[in-house]
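Have a look at the structure below before the remarks.
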Amino acid sequence: MGDLEVDTRVEPTGGDGRYRAELSPDWAIWGPNGGYVVSVALRAAGATLGRARPASIVAHILGVAAFDEVDLDVTVLRTSRFASSARVSMRQGDRPIVEALVWALDPGGAALEHEAAPPPAVPAREDLPSRAERVASIPEGEGPPPFAFFDNLDMHPIGWIEDWPPPGPLAPVTRSWLRFRPRSTFADPWVDACRLLIPLDTFGWPAASGAHAHLDPLPVVAVTVDLSVRFHRTTDDEWLLSEAESPIATGGLAAATGRVWDRAGRLVASGEQTMLCRPATPGG
């Protein structure tokens with residue numbers, strides 16, 4: 001099991017805006033989870049900008065990293081009284097892994113207040129079995145792949161399908177209650193933002209693949225090539241409601257949108273991703 005704060009930590013390497021980090025295998029899901037890797041880039045931006053919290057990140061995921069060291073270069077692009085922008089480049093040797101743009105801000109600037117994004121009507125977390133309980137009830141060898149990534153989450157999926165594959169296409173939507181383990185909240189807003197970012201990357205593919213789940217095996221998988229996340233507010237709530245929806249897949253691409261609420265029904269983050277289809281390997 002990983003620790004989100006420890007596993008996204010960056011260390012300065014002697015020059016302004018230069019850092020090194022170690023990608024942990026505890027976040028494996030076909031390789032390092034894309035949201036986890038982008039979280040490392042977000043931490044590097046936070047270390048350089050020194051603002052109170054992130055406002056947004058737009059990232060191109062350029063390659064699948066190995067579980068090894070990565071180097072990060074952060075360039076400040078703009079700074080004003082309340083906000084700053086930076087570019088983050090992550091490399092592993094001579095291979096580009098991530099290019100990201102980050103906005104960060106401090107409190108105290110001009111503000112508007114409105115909200116029209118209520119959470120969906122779903123069962124309470126306490127009324128749903130956990131993912132671990134669901135998987136444990138499946139006969140050995142018939143369950144989902146044992147990715148290490150899911151050991152980091154206490155998840156209570158909504159709309160779990162017992163019989164797999166289903167007889168026909170599913171709605172391209174996934175919803176889950178989740179909290180991170182072993183620590184579920186973090187005092188540093190830059191670390192805490194990572195627990196909002198990761199679901200917005202992770203569950204787009206399960207949403208998109210649901211529309212094709214009756215095809216066994218799936219002929220393709222789709223990996224995130226760009227991810228944009230907006231951090232609307234901080235929350236002390238350890239439990240998050242994550243929703244991902246894939247409105248379209250065509251032309252070799254699949255798209256997904258995502259939103260994250262806390263238990264008070266406040267929207268805390270939202271985002272979009274583009275996924276590139278690739279032929280599936282034998283056995284999934």
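The values are calculated or read from the model by the stated rules, or taken from the named source; none is laboratory data. Bear in mind the structure is a predicted one, so any value in this text is a computation, not a measurement. For neighbour counting, all protein chains shown are included, and Cβ atoms are generated from backbone atoms with ideal geometry for every residue, glycine included.
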TODO: Being crowded, with 17+ Cβ neighbours inside 10 Å, out of contact with any Lys or Arg (no Cβ under 6 Å at 6 or more places or on another chain) and over 17 Å from residue 129 (Cβ atoms) is the filter here, so list the residues in the range 173-183 that pass it.
DONE: 173
TODO: Please list, ordered by first then second residue, the pairs with beta carbon atoms under 9 Å, 6 or more apart or interchain, first in the range 203-226 and closer than 17 Å to residue 245 by Cα, second aromatic (Phe, Trp, Tyr).
DONE: 213/164; 221/30; 221/205; 222/205; 223/30; 223/205; 224/205
Task: Conditions (1) farther than 23 Å from residue 96 by Cβ; (2) assigned to a helix (DSSP H, G or I); number of the one not met by residue 249 - done: (2)
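Which residue, of 72, 77, 42, is of a type outside the set (Gly, Ala, Ser), under 15 Å from the mean Cα position of the chain (by Cα) and either assigned to a strand (DSSP E or B) or on the phi < 0 side of the Ramachandran plot (or both)?
Details: 72 fails: under 15 Å from the mean Cα position of the chain (by Cα); 77 fails: under 15 Å from the mean Cα position of the chain (by Cα).
The unique qualifying residue is 42.
Starting from residues that are within 25 Å of residue 8 (Cα to Cα) and touching a helix residue (DSSP H, G or I) at 6+ places or on another chain (Cβ under 6 Å), keep the ones in the range 131-157 and report whichever is surrounded by the most Cβ atoms within 10 Å (Cβ to Cβ). Reasoning before the result, please.
Filtering the range 131-157 down to residues within 25 Å of residue 8 (Cα to Cα) leaves 131-132, 145-156.
When the remaining residues are screened for being touching a helix residue (DSSP H, G or I) at 6+ places or on another chain (Cβ under 6 Å), the result is 148-149, 155-156.
Details: 148: 15, 149: 20, 155: 18, 156: 26.
Ranking the qualifying residues of the range 131-157, first place goes to 156.
Yes/no matrix, rows are residues, columns are (1) of a type outside the set (Ser, Thr, Tyr); (2) crowded, with 18+ Cβ neighbours inside 10 Å:
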| site | (1), (2) |
| --- | --- |
| 57 | yes, yes |
| 70 | yes, yes |
| 75 | no, no |
| 89 | no, yes |
| 93 | yes, no |
| 99 | yes, no |
Task: Condition check for residue 157: part of a strand (DSSP E or B), of a type outside the set (D, E, K, R) and touching a strand residue (DSSP E or B) at 6+ places or on another chain (Cβ under 9 Å) - done: yes
Task: Matching option when the condition is out of contact with any Asp or Glu (no Cβ under 8 Å at 6 or more places or on another chain), modelled with pLDDT of 95 or more and closer than 26 Å to residue 1 by Cβ, among 61, 57, 29 - done: 57
Task: Pairs, first at pLDDT 95 or above and in a loop (DSSP other than H, G, I, E, B) in the range 100-127, second crowded, with 17+ Cβ neighbours inside 10 Å and small (Gly, Ala, Ser), C-beta under 8 Å, six or more apart - done: 117/270
Open item on the list: Report every pair of residues separated by at least 6 positions or lying on different chains whose Cβ atoms are under 7 Å apart, first residue within the range 177-191 and free of Cβ contacts under 8 Å to residues at least 40 places away in the same chain and on the phi > 0 side of the Ramachandran plot, second buried (at least 17 other Cβ atoms within 10 Å of the Cβ) and part of a loop (DSSP other than H, G, I, E, B).
Closed with: none
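Residue 191: hydrophobic (A, V, I, L, M, F, W, C), surrounded by fewer than 22 Cβ atoms within 10 Å (Cβ to Cβ) and either at pLDDT 95 or above or closer than 22 Å to residue 238 by Cα (or both), yes or no? I'd like the intermediate steps shown before the answer.
Values: hydrophobic (A, V, I, L, M, F, W, C): yes; surrounded by fewer than 22 Cβ atoms within 10 Å (Cβ to Cβ): yes; either at pLDDT 95 or above or closer than 22 Å to residue 238 by Cα (or both): yes.
When the stated conditions are applied, residue 191 passes them.
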Open item on the list: What's the number of the only condition in (1) in contact with a His (Cβ under 9 Å, 6 or more places away or on another chain); (2) surrounded by 19 or more Cβ atoms within 10 Å (Cβ to Cβ) that residue 218 fails to meet?
Closed with: (2)
